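Engineer: One structure is given below, represented as structure tokens, and several questions about it will come after.
The values are calculated or read from the model by the stated rules, or taken from the named source; none is laboratory data. Computed from a predicted model, the values in this text were never measured in an experiment. All Cβ positions, even for glycine, are placed from backbone atoms using ideal geometry, and neighbour counts span all protein chains on display.
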Amino acid sequence: MCLNKHAFQVALSLLCAFAFLPAAAVGANPAETPTLSEALTRYLNTARKQIGGQSTISVTVAEALSGKELFSYRGGEPMTPASVVKIVTSAVALKSLGPDYRFPTEIFVDYLTHESAPKESGTSAKGFVGNLYVRGYGDPSLTSEELWRIVETLRLSGVRSLRNIVIDDTLFVDPPGPSGPRPYEAGSSATSLNHNCYEISVTPGNPGQDAIVSLGIGAYGALKDNVTTTAGPGKLIIGQQPPSSKFTPSFVGTATSPVREIVLPTESVIVKGSVRASQNRKTHYRTVSYPPLYLASALRDMLKQHGIKVHGKLMRGETPGDAKLLHLQESKSLAAILTDLNHYSNNFIAEQLLYALGEDSVGYRRRELGLARLRSYLEDNGFEALSFSLYDGSGLDKRNRLTTNQLTKALVDIYQDLAVSPVLISSLSRFAHSGTLKKRSLRDRRGRSPQGVAETNLADSVWGKTGTLTGVSSLAGYLRTQSGKDLAYAIIINSSAGKRASTSVEDEVVKTIILLPGI
């Protein structure tokens, strides 16, 4: 095989880049450029031995425009995929809801008057409303800032006092609560705020002094803190009793009542230990035990700060049919929400999207229907139901099973749909640039880029969604070859080896594809 001067230089640079694996990414004869299949197969056979243990590696590469499969290494073998499941969730959400879809949050009142109101003890006639209802549709992007603007809108609408705050989260059928204290374990709810996590801020003092510990708005647990400031390294311990995952909501009233008072739980947020004096204020996040109460508590606090009196209680129930719609709050677009989902691998957003996809014939939203939509999407793309398993939309469940062939097919399908492909591509992370890939480099072990190829050029050529669980590492997305061809790729590694070993394999697979001439 004859090579021109440029091809020979590229082949030589490829040899230099993978000198530590001489048989992996290049052919035995240095005068020849290996095919993609030869280069990847040799490398993966070597890499599997290197990471050792009970390791399985699966890789699939296809042309994004035509869908033609270029390489498959155990591509049909079901694997635990971790967060690359979010690619399927994103694809179905984009095709079903559209990039411009916005989640509504509706604010209702029993009545609104600027002149008169029923005579009630302690109320002001002017601007009094009865109950204030908040009906949610699962907006995963509602934050304290947006809630603050809602309250300001109410004030400008003339609201000056109200009876009860009623949270209507009834559109979600049997949403799961938090599975643990960490943000990625947050529960789902039709009425969610701040990804269903509350803030714990710790500000150091001078050495020997107590640190200042405070809870963010809406947090309803009793704070018990004992944190000192030290000149040396600190160690902070944050806990909650009882744990958020063990909480069961309780109410005043019968189960058949349309509206019931939420009983404030007896919870304690425990913060103890020490912090270094030289560090800045740091905010920690923990899952809320009951999202409707968190939203109601935060709303009450903000109403009071705006001078709007709340005379009644925090309640949960259905919005009556004759209530007056006072304000409609719309979320940011699905396109923007997917950037948060995939850039930061946000499990909470993925699970909220499942409910949005699972709307039934009467308007209720069911998680199982959302999962059925994901499964149907894979079946519509030619995969038998028995060839995969999906138990969530985030990838946190280890029972999930997908193949790299299926992931690559989904990526090709989205790429070919011009109405949604720019949104999905831009939602993915990029090596050394953004998201979960920001701290990952395509340089070699000595921190060098391959000869003749700048680091920025390598990084600019790859878009990816990462996945991480104990024993699982994955990467899937798009890359552009030196000839300008766009490829879809998927890599899943199920291994007892450490995360660093697995991500190194992923990085080398990506570099091998990019640097190989003629693709």
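Engineer: Which residue pairs have Cβ atoms under 9 Å apart, sit 6 or more places apart or on different chains, and have a first residue in region 204-222 that is among the acidic types (Asp, Glu) and a second that is modelled with pLDDT of 95 or more?
Structural biologist: As it stands, the answer is Asp210/Asp225; Asp210/Asn226; Asp210/Val227; Asp210/Thr228; Asp210/Thr229, since those pairs meet every condition given.
Engineer: With region 160-235 as the region, which strands (runs of 3 or more DSSP E) entirely inside it contain at least 2 residues that are polar (S, T, N, Q) and outside the structural domain of Gly467 (by TED's automatic domain parsing)?
Structural biologist: Working: elements: 165-168, 197-203, 212-215, 222-230.
Answer list for region 160-235: 197-203, 222-230.
Engineer: I've got another one for you. Go over the candidates Thr266, Thr283 one by one and state the one that is part of a strand (DSSP E or B), hydroxyl-bearing (Ser, Thr, Tyr) and assigned by TED's automatic domain parsing to the domain that holds Thr230.
Structural biologist: Numbers: Thr266 fails: part of a strand (DSSP E or B).
Going through Thr266, Thr283 in turn, just one is part of a strand (DSSP E or B), hydroxyl-bearing (Ser, Thr, Tyr) and assigned by TED's automatic domain parsing to the domain that holds Thr230: Thr283.
Engineer: Which numbered condition trips up Tyr73, out of (1) more than 29 Å from Leu418 (Cβ to Cβ); (2) hydroxyl-bearing (Ser, Thr, Tyr); (3) surrounded by fewer than 16 Cβ atoms within 10 Å (Cβ to Cβ)?
Structural biologist: (3)
A quick yes/no check of all residues on (1) touching a residue at least 12 places away in the same chain (Cβ under 8 Å); (2) over 27 Å from Ser250 (Cβ atoms):
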{"residue": "Pro292", "(1), (2)": "yes, no"}
{"residue": "Leu299", "(1), (2)": "yes, no"}
{"residue": "Lys304", "(1), (2)": "no, no"}
{"residue": "Ile308", "(1), (2)": "yes, yes"}
{"residue": "Gly317", "(1), (2)": "yes, no"}
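Engineer: A further question on this structure: Which members of region 301-318 meet the condition of being part of a loop (DSSP other than H, G, I, E, B) and within 25 Å of Leu171 (Cα to Cα)?
Structural biologist: Here is the first cut: in region 301-318, the residues part of a loop (DSSP other than H, G, I, E, B) are 306-308, 311-313, 318.
If the condition is that a residue be part of a loop (DSSP other than H, G, I, E, B) and within 25 Å of Leu171 (Cα to Cα), then Gly312, Lys313, Glu318 are the ones that fit.
The rows are residues; the columns are (1) within 30 Å of Val92 (Cα to Cα); (2) of a type in the set (Asp, Glu); (3) in contact (Cβ under 8 Å) with a residue 40 or more places away in the chain; (4) part of a helix (DSSP H, G or I).
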{"residue": "Gln329", "(1), (2), (3), (4)": "yes, no, yes, no"}
{"residue": "Leu338", "(1), (2), (3), (4)": "yes, no, yes, yes"}
{"residue": "Asn342", "(1), (2), (3), (4)": "yes, no, yes, yes"}
{"residue": "Glu351", "(1), (2), (3), (4)": "yes, yes, yes, yes"}
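Engineer: Cβ-Cβ under 8 Å, sequence separation 6+ or interchain: first residue in region 487-515 and surrounded by fewer than 22 Cβ atoms within 10 Å (Cβ to Cβ), partner in a helix (DSSP H, G or I). Which pairs?
Structural biologist: Every condition considered, the pairs that remain are Ser495/Ile51; Ser495/Ala501; Ser495/Ser502; Ala497/Ile51; Ala501/Gln50; Ala501/Ile51; Ile514/Leu458.
Engineer: How about region 485-514: which of its residues are assigned to a helix (DSSP H, G or I) and in contact with a strand residue (DSSP E or B) (Cβ under 7 Å, 6 or more places away or on another chain)?
Structural biologist: Lys499, Ser502, Thr503, Val505, Glu506, Val509, Val510, Ile513, Ile514
Engineer: From the residues in region 75-111 that are among the charged types (D, E, K, R) and in contact with a Leu (Cβ under 9 Å, 6 or more places away or on another chain), which one is farthest from Tyr391 (Cα to Cα)?
Structural biologist: Ranking the qualifying residues of region 75-111, first place goes to Asp110.
Engineer: Here is a follow-up. Would you tally the residues in region 354-366 being in contact with a Lys or Arg (Cβ under 9 Å, 6 or more places away or on another chain) and surrounded by 15 or more Cβ atoms within 10 Å (Cβ to Cβ)? Walk me through it before giving the result.
Structural biologist: We begin by selecting, within region 354-366, every residue in contact with a Lys or Arg (Cβ under 9 Å, 6 or more places away or on another chain); these are 354-360.
Next, only the ones that are surrounded by 15 or more Cβ atoms within 10 Å (Cβ to Cβ) stay: 354-359.
Number of matching residues: 6.
Engineer: Here's a check for you: in region 367-426, which residue that is small (Gly, Ala, Ser) and buried (at least 22 other Cβ atoms within 10 Å of the Cβ) is farthest from the chain's Cα centre (by Cα)? Explain how you work it out, then say what you get.
Structural biologist: Of all residues in region 367-426, those small (Gly, Ala, Ser) come to 370, 372, 376, 382, 385, 387, 389, 393-395, 410, 419, 421, 426.
The next check asks that each one be buried (at least 22 other Cβ atoms within 10 Å of the Cβ); those that pass are 370, 393-395, 410.
Numbers: Gly370: 16, Gly393: 10, Ser394: 7, Gly395: 10, Ala410: 19 Å.
Filtering first and then ranking leaves Ala410.
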